[in-house]
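The values are calculated or read from the model by the stated rules, or taken from the named source; none is laboratory data. Remember, predicted model here, so these are calculated numbers, not experimental data. In this analysis, Cβ positions are derived from the backbone assuming ideal geometry, glycine residues included, and neighbour counts consider all displayed protein chains.
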């Protein structure tokens, strides 16, 4: 039976980008469907009734929700090419720990950097930079979080690079100045076709954030 | 033989997930009780980022975050599996574990607040229970894991046991069995499993701890 893969997504979504990258790494042909989040499709509501969120990966009609779960699923089903998760259980556990840290800390702090102003933003910025430094330390001198090859944590984190310019402009700081190794890692990842074609341009993301801020009444 | 150590706290549902997993698989381990108001240097060394329990130490190597720990345990000791083997079923299982994990904050939100904030917490609890009733237990399954418990059952343990204690502390009945018949049946089934029944924190002791904490919080608010 021919494989049918559909991705319900929204172009600036950090989470959607992860699944795009994983699918591209494996060379999987799929149908990309852009969702209007103010007017969600019947398909989205049917495929993710609990959260009604993107991304949703639909494989032969069956939905997989949550981006990190999608990445792991893609890795397991199409296991012959470009392995993303390491085979060693301890390294896998380390990777899952950092992916969880990215979602719990880095994502939330980054959101607060662009969504808040004044004192609240100053605090968020400080904590955001601390969290980036922590993950930069985890990277160390390795070319990728996965070691010699691009892997699960790289997939989980590289989408944030497309949002760096927006965070920097909103928070008035330079991520490169604070975390040069992280920027070097990001540029290395961007040389991969799977990453370059899955991430939107930084200016486009910034314009989108400015629109969101206006819409939310944050000036 | 490799040594397995578990750093936990006697009332933590997250620590209990690991205890149940290790016992189900028959893995001997050394349990170290942590006083969370006075964390040991060893805990801070093993979990410098979150400084939390549980932490599993296997062969001297620490693993943090209960869901990460359980997946690790399942991979190292495959007997009595906690996750399905089929990738799609596994993805669906991981979805519900994440759902349960993301709702864990509702425990403290319920007993550490009052007034409007607490009413908001009650509303969120009911919404979560409705999702469980409507979406998670479809097909008349005995457990989330089917005929046997799996990681999802363990992840929802805070609904099966911890919620009851918190309800007593705050004097509110949030879980009305007739409103959530499938969840209610699951709770009874879950608590009757020997490894669960024999490994739960003492309810009276927990009640005293949470009640004291709540009273301190309310007193400090009225200052």
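Go through (1) out of contact with any helix residue (DSSP H, G or I) (no Cβ under 6 Å at 6 or more places or on another chain); (2) within 8 Å of chain B (Cβ to nearest Cβ); (3) over 23 Å from residue B:136 (Cβ atoms) and name the single condition residue A:89 misses.
Status for residue A:89: all satisfied but (1).
In region B:125-158, which residue that is under 17 Å from the mean Cα position of the chain (by Cα) and closer than 24 Å to residue B:115 by Cβ is nearest to the other protein chains (Cβ to nearest Cβ)?
That would be B:128.
Look at residue B:91 and say whether it is farther than 25 Å from residue B:221 by Cα, in a helix (DSSP H, G or I) and touching a residue at least 12 places away in the same chain (Cβ under 8 Å).
Spelling it out, it is not the case that residue B:91 is farther than 25 Å from residue B:221 by Cα, in a helix (DSSP H, G or I) and touching a residue at least 12 places away in the same chain (Cβ under 8 Å).
State yes or no: is residue A:173 surrounded by 15 or more Cβ atoms within 10 Å (Cβ to Cβ), on the phi < 0 side of the Ramachandran plot, out of contact with any strand residue (DSSP E or B) (no Cβ under 9 Å at 6 or more places or on another chain) and not in a helix (DSSP H, G or I)?
yes
What number of residues within region B:73-84 satisfy the criterion of being free of Cβ contacts under 8 Å to residues at least 60 places away in the same chain, within 12 Å of chain A (Cβ to nearest Cβ) and surrounded by fewer than 24 Cβ atoms within 10 Å (Cβ to Cβ)?
The total comes to 4.
Can you pull out the residues in region A:187-219 that are out of contact with any helix residue (DSSP H, G or I) (no Cβ under 7 Å at 6 or more places or on another chain), surrounded by 10 or more Cβ atoms within 10 Å (Cβ to Cβ) and in a loop (DSSP other than H, G, I, E, B)?
A:192, A:201
Scan region B:53-73 residue by residue and report those that are under 14 Å from the mean Cα position of the chain (by Cα) and either at negative phi or assigned to a helix (DSSP H, G or I) (or both). Spell out the reasoning first.
To start, the set of residues in region B:53-73 that are under 14 Å from the mean Cα position of the chain (by Cα) comprises B:53-54, B:65-70.
Scanning region B:53-73 gives B:53, B:54, B:66, B:67, B:68, B:69, B:70.
I need the full set of residues from region B:149-175 which are touching a residue at least 12 places away in the same chain (Cβ under 8 Å) and assigned to a loop (DSSP other than H, G, I, E, B), in order please.
Passing the criteria: B:149, B:150, B:156, B:172, B:174, B:175.
Among the residues of region B:29-44, is there at least one that is under 26 Å from residue A:75 (Cα atoms) and either in contact with a helix residue (DSSP H, G or I) (Cβ under 8 Å, 6 or more places away or on another chain) or buried (at least 20 other Cβ atoms within 10 Å of the Cβ) (or both)? Even if it seems obvious, please write down each step before you answer.
Of all residues in region B:29-44, those under 26 Å from residue A:75 (Cα atoms) come to none.
No, region B:29-44 has no match at all.
Which residues, counting only those in region B:57-72, are buried (at least 19 other Cβ atoms within 10 Å of the Cβ) and within 9 Å of another protein chain (Cβ to nearest Cβ)?
B:58, B:63, B:64, B:65, B:67, B:68, B:69, B:71, B:72, listed by residue number.
Scan region A:95-116 and tell me whether some residue there is over 18 Å from the mean Cα position of the chain (by Cα), within 14 Å of chain B (Cβ to nearest Cβ) and part of a helix (DSSP H, G or I).
no
For region B:190-209, how many residues are assigned to a helix (DSSP H, G or I) and within 16 Å of the chain's Cα centre (by Cα)?
7
Just a yes or no: is a residue in region B:21-28 modelled with pLDDT under 95 and part of a loop (DSSP other than H, G, I, E, B)? Full working, then the answer.
Going residue by residue through region B:21-28, those that are modelled with pLDDT under 95 are none.
No.
Hey, among the residues in region A:49-65 that are in contact (Cβ under 8 Å) with a residue 24 or more places away in the chain and under 22 Å from residue B:128 (Cβ atoms), which one's nearest to the other protein chains (Cβ to nearest Cβ)?
Taking the candidates together, the pick is A:56.
Can you confirm whether residue B:115 is in contact (Cβ under 8 Å) with a residue 60 or more places away in the chain and either out of contact with any helix residue (DSSP H, G or I) (no Cβ under 7 Å at 6 or more places or on another chain) or within 13 Å of chain A (Cβ to nearest Cβ) (or both)?
Judged against the criteria, residue B:115 is not a match.
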